[in-house]
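Trainee: Please read through the structure below; I'll follow up with questions.
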2 protein chains.
Amino acid sequence: MNESQPVFEAPICPLPLRHDDTIVIGHGSGGKMTHDLIKNVFHTHFHNNYLDQGNDFASVPMPGPNGRLSISTDGHIVSPLLFPGGDIGRLAICGTVNDMSMSGATPLYITASFIMEEGLSVQTLEKIVISMKTAAEEAGVQIIAGDTKVVEKGKGDGLFISTAGIGWIPAQIQIGGNQAQAGDAILLSGSIGDHGIAVLSARGDLGVVVQIESDVAPLNHLIQSVLKVAPHTHVLRDPTRGGLATTLNEIAQQSKFGIQVFEEQIPIRQPVQAACDLLGFDPLYIANEGKVIVIVPQTEKEAALHAMQASPYGEDAIEIGNVTTSHPGRVILKTSLGTNRILDMMAGEMLPRIC
Amino acid sequence: MNESQPVFEAPICPLPLRHDDTIVIGHGSGGKMTHDLIKNVFHTHFHNNYLDQGNDFASVPMPGPNGRLSISTDGHIVSPLLFPGGDIGRLAICGTVNDMSMSGATPLYITASFIMEEGLSVQTLEKIVISMKTAAEEAGVQIIAGDTKVVEKGKGDGLFISTAGIGWIPAQIQIGGNQAQAGDAILLSGSIGDHGIAVLSARGDLGVVVQIESDVAPLNHLIQSVLKVAPHTHVLRDPTRGGLATTLNEIAQQSKFGIQVFEEQIPIRQPVQAACDLLGFDPLYIANEGKVIVIVPQTEKEAALHAMQASPYGEDAIEIGNVTTSHPGRVILKTSLGTNRILDMMAGEMLPRIC
C-alpha cells in the first residue's frame, strides 16, 4: 500500500465549474470532481430536504395508508438535446410524470440517472438541469435521488437521462389498458405529431424548417381534473413512441375489445400534416409528449371533455372514437372517404431518437 | 393522411429473436419490433404480476402504514459488459439493492432502463437479463417496470442500464451518514478492491491476468441480519466508486466527526495488492460492489460482527477503526509504520467505467 500521497491525483477541478468547462472522465469517478459537479450543477438547482441528506438513497414518507404506489421508468436519448418547445430535461420529467399520471396516481417523486459523454458542455448540462427543475415544479414532483456517470468521447451521445417515478394511487382508483369497456368513448386531448416533427425539424432532417413546437408537457393536473368529474375513467394513456395508432393497438390488445376512431375527428396541425405529406409519414404513428387518450363511460364523457378543454394542455380536446365488441384486439380507422382502414401497430422505426 | 398502408413498414422481425440476431434501431421504436424484443427477451425472464399488466406504470401495494420509502437510482456503464464474477446485469441489480439496503430498508421493487447500442448481440443481452433475474431472486426483489431504447452504432457502448429501487423502512429505523457518533466502531464486511481489479483485468488493461473475481453481491440479507442484533446501527454504506477512502470521507463530512482507520486491519487479497503495487494504485480508492461499512455503538459491535461473519458475503468481516471527536470531517489512516496519513476523497478518475 502506498504510504505517500496517492499516485492518481487528477487535475484540480475549478470551483465553481464555469460555463465554458466541459465534462471529462473524472466527473464520473465518484471522487472530488463528481462531488464538485453534483454540488455546482445538480445540487444548486435540485436541492431539497431529501437530496440534501447526501445519502445513496432518499427516505420519503407516504401520504396515507390506503392506496398503492405507481412506479414507472423511462430512458431518454432524444437527439438533439435541445429542440423547439423543450429539451431532454423537460422531456425526462414530463415523460415520467405522465407515465405515473396514466395510472390515476398523483406523481410525487422522481429519480434521475445521467449518463454524460466526455465533452458535453457544462452550460448545456446546466440549461437541461434547470429545465428539469422547472418542469418538476410545474408538475409538483420532487427530484429525490440522482446518479451521474461519464463515458469516453465516442461512447455516448452528449447526454442520456433515465428517470423513474413514484406516485400514489388512492385505493378506489382502478385504471389500466385492460379496463376499457365496450361502448366507452375515446377522447384525445389535442393535436398529434407535434413532438416528433419538432424534433425532426431541429435535426435538420426535413430539409425545410417547420414552424412547430414540441407539445412536451406534464399532464398530471389535466388528468386530476378529469378524474374529479369522471371518477369511472377506465383508461388513461399517452401516445408517445409509436404514436396514436400504436397506443390504441396496445389498449385493444390489453382490453380484448375493438377500437374504432374517426379520421376527421383527429386534430393535426397544418405544419405537421404538411411535413408528413412531404416525407410520406403518417401522423398517426408520430410520437407525442403532451397528449393523453382518455377512455370513459358515455355517462362521464361530457364532463371529462370539458375538464380537458379547461386545461392549458387540453384546449383542443375532442372525442375521436369508441370501444366496440367487433374486431376484438384490433383498431379500425373510419376514413374521411367513408372506408375502413385497419390501423396496425408500428412495425419498425420511423423516427429514431425522438424521446 | 395516407389511406393506403403506412409507408414506414420495417423488415419483419423474426419471432422469436434468435441468438445470432443483433439489436437494430427498430428495436427502439416503440412499435412491433420493440414489443417483440420485450416479449422474447425481457418478458420471458422477468415476467411477474406487475410487468404482465403491460402498462407504462406498475401499481404496487405497500407492506404497511408505518414506515417510509427508501428510493435510489444508479446508472451502469461498466466496460466490458461481462467480467469475472459478474456482468452489468448483476451489477445493476446488486448496486440498487445495496443502495436501498444502506437505509436499513427491505428492498422491494426495481425499475430498469436499457439503452442499447445498435449491434449489441441478442445473446449477450439475454445473458445479462438472466443474470439480473437471478440476482433479483437472490435479493428477493421484483423488477416491476422497464424501458428500452436503442441508439445508433457509435453513439453508445453496447449497453447502459439505469436502475431505480424502492424499499420499505420500518418506522423505528434511523440510518444515515449523519447518524455516526463519536466512539462508534467501524466494521467492514470483507476484502477491498476486488471488483475494480477484476474489471480492469477483464479489460486487459493490466498487461497480466489477475486471478480475482468481482465481489458484486446483494447485501440486503447480511444487513437485515445485522439490524436484527444491532438495532442501533448508525451508518450503513457500501464503498463503491471512490473506494473505502472516499466513502469514509463522505461519512466524516456528513456526521461532522472524525474517522480513524487502521491500515493493518483492512483486508486486501494478495492478487489485488499485487496488481495495485504493479500499477501504483491504492486499493483504498478502488471500487467494491459487495462490501459494506457498518458503524455501530461499541455495545452492539460484537453482535454486528458475528452477524456479518455468518453471512456468505461477510466471512472476513472485521473492525477497522472508529469515529472520533478529533479532526472533524477528516479521515486518518493509522499506517502499519505507526504514522498518520490523511486519507482524502479521491480527486479525479482512477479506474473509469468500473460500474
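Trainee: Identify, by number, the condition in (1) open to solvent by 20 Å² or more (accessible area, probe 1.4 Å); (2) farther than 14 Å from A:Asp74 by Cα; (3) part of a helix (DSSP H, G or I) that A:Arg90 doesn't meet.
Mentor: (2) is the only condition that A:Arg90 fails.
Trainee: Output yes when any residue across the range B:256-267 is in contact (Cβ under 8 Å) with a residue 40 or more places away in the chain, out of contact with any Pro (no Cβ under 7 Å at 6 or more places or on another chain) and among the small types (Gly, Ala, Ser), and no when none is.
Mentor: No, there is no match, as no residue in the range B:256-267 is in contact (Cβ under 8 Å) with a residue 40 or more places away in the chain, out of contact with any Pro (no Cβ under 7 Å at 6 or more places or on another chain) and among the small types (Gly, Ala, Ser).
Trainee: Would you mind stating whether B:Ser214 is touching a His at 6+ places or on another chain (Cβ under 9 Å), of a type outside the set (A, V, I, L, M, F, W, C), open to solvent by less than 20 Å² (accessible area, probe 1.4 Å) and part of a loop (DSSP other than H, G, I, E, B)? Walk me through how you get there before you give the answer.
Mentor: Details: touching a His at 6+ places or on another chain (Cβ under 9 Å): yes; of a type outside the set (A, V, I, L, M, F, W, C): yes; open to solvent by less than 20 Å² (accessible area, probe 1.4 Å): yes; part of a loop (DSSP other than H, G, I, E, B): yes.
For B:Ser214, the condition - touching a His at 6+ places or on another chain (Cβ under 9 Å), of a type outside the set (A, V, I, L, M, F, W, C), open to solvent by less than 20 Å² (accessible area, probe 1.4 Å) and part of a loop (DSSP other than H, G, I, E, B) - is met.
Trainee: Here's something else I'd like to know. Does the range A:139-156 include one or more residues that are of a type in the set (S, T, N, Q) and at pLDDT 95 or above?
Mentor: no
Trainee: Give the residue that is modelled with the highest pLDDT, with candidates limited to residues of the range B:1-46 that are aromatic (Phe, Trp, Tyr) and assigned to a helix (DSSP H, G or I). Let's see the steps before the verdict.
Mentor: Applying the first criterion (aromatic (Phe, Trp, Tyr)) to the range B:1-46 yields B:8, B:42, B:46.
The next check asks that each one be assigned to a helix (DSSP H, G or I); those that pass are B:42, B:46.
Working: B:Phe42: 76, B:Phe46: 73.
By that ranking, first place goes to B:Phe42.
Trainee: Further question on the same structure: Of the conditions (1) closer than 30 Å to B:Leu37 by Cα; (2) in contact with a helix residue (DSSP H, G or I) (Cβ under 7 Å, 6 or more places away or on another chain), A:Tyr313 clears all except one; give me its number.
Mentor: For A:Tyr313, the failing item is (1).
Trainee: I would also like to ask the following. With the condition kept exactly as written, say whether any residue in the range A:302-309 is over 24 Å from A:Asp344 (Cα atoms) and touching an Asp or Glu at 6+ places or on another chain (Cβ under 7 Å). First the steps, then the outcome.
Mentor: Taking the range A:302-309 first, the residues over 24 Å from A:Asp344 (Cα atoms) are A:302-309.
Then drop every residue that is not touching an Asp or Glu at 6+ places or on another chain (Cβ under 7 Å), which leaves A:305, A:309.
Looking through the range A:302-309, at least one residue is over 24 Å from A:Asp344 (Cα atoms) and touching an Asp or Glu at 6+ places or on another chain (Cβ under 7 Å).
Trainee: Could you give me the residue pairs with C-beta distances under 6 Å whose first residue belongs to the range A:335-348 and is closer than 13 Å to A:Gly243 by Cα, whose second residue is open to solvent by less than 50 Å² (accessible area, probe 1.4 Å) and in a strand (DSSP E or B) wherever it lies, and which are 6+ apart or on separate chains?
Mentor: Close Cβ pairs satisfying both conditions: A:Leu343/A:Val331; A:Leu343/A:Leu333.
Trainee: How many of the residues in the range A:228-242 are more than 10 Å from chain B (Cβ to nearest Cβ), of a type in the set (S, T, N, Q) and open to solvent by 10 Å² or more (accessible area, probe 1.4 Å)?
Mentor: 0
Trainee: Do you know which of the residues in the range A:274-311 that are under 27 Å from A:His76 (Cα atoms) and free of Cβ contacts under 8 Å to residues at least 60 places away in the same chain is surrounded by the most Cβ atoms within 10 Å (Cβ to Cβ)?
Mentor: By that ranking, first place goes to A:Asp282.
Trainee: Moving on. Test each condition in (1) modelled with pLDDT under 90; (2) farther than 17 Å from B:Gln224 by Cα for B:Pro170 and report the one that comes out false.
Mentor: B:Pro170 satisfies every listed condition except (2).
Trainee: Among the numbered conditions (1) within 22 Å of the chain's Cα centre (by Cα); (2) under 17 Å from B:Asn178 (Cα atoms); (3) surrounded by 23 or more Cβ atoms within 10 Å (Cβ to Cβ), tell me where B:Gln254 comes up short.
Mentor: (3)
Trainee: Exactly one condition in (1) within 27 Å of A:Gly258 (Cα to Cα); (2) surrounded by fewer than 24 Cβ atoms within 10 Å (Cβ to Cβ); (3) under 22 Å from the mean Cα position of the chain (by Cα) is not met by A:Ile192; state its number.
Mentor: Only one criterion in (1) within 27 Å of A:Gly258 (Cα to Cα); (2) surrounded by fewer than 24 Cβ atoms within 10 Å (Cβ to Cβ); (3) under 22 Å from the mean Cα position of the chain (by Cα) is unmet by A:Ile192, namely (2).
Trainee: Hey, another quick one. Please return the ranges of strands (runs of 3 or more DSSP E) entirely within the range B:243-355 where 3 or more residues are away from chain A (no Cβ under 14 Å) and closer than 27 Å to B:Val226 by Cβ.
Mentor: Working: elements: B:258-262, B:293-296, B:318-324, B:331-334, B:340-343.
Of the strands (runs of 3 or more DSSP E) lying wholly inside the range B:243-355, those with at least 3 residues that are away from chain A (no Cβ under 14 Å) and closer than 27 Å to B:Val226 by Cβ span B:258-262, B:318-324.
Trainee: Something else now. Could you check the range A:142-165 and list, in sequence order, the residues that are free of Cβ contacts under 8 Å to residues at least 60 places away in the same chain, more than 15 Å from A:Leu37 (Cβ to Cβ) and open to solvent by 10 Å² or more (accessible area, probe 1.4 Å)? Spell out the reasoning first.
Mentor: Restricting attention to the range A:142-165, the residues satisfying the condition of being free of Cβ contacts under 8 Å to residues at least 60 places away in the same chain are A:147, A:153-156.
Among the residues that remain, those that are also more than 15 Å from A:Leu37 (Cβ to Cβ) are: A:153-156.
Hits for the range A:142-165 are A:Lys153, A:Gly154, A:Lys155.
Trainee: As an exercise: evaluate A:Phe57 against (1) in contact with a Ser or Thr (Cβ under 6 Å, 6 or more places away or on another chain); (2) under 30 Å from A:Ile173 (Cβ atoms); (3) modelled with pLDDT of 70 or more and give the number of the one condition it does not meet.
Mentor: (3)
The values are calculated or read from the model by the stated rules, or taken from the named source; none is laboratory data. Everything quoted here is computed from the prediction, not taken from an experiment. Here Cβ is always computed from backbone atoms with ideal geometry, including for glycine, and neighbour counts include all displayed protein chains. These accessible areas exclude ligands, DNA and RNA; they are computed on the full protein's heavy atoms, side chains included. Shrake-Rupley method; radii C 1.70, N 1.55, O 1.52, S 1.80 Å.
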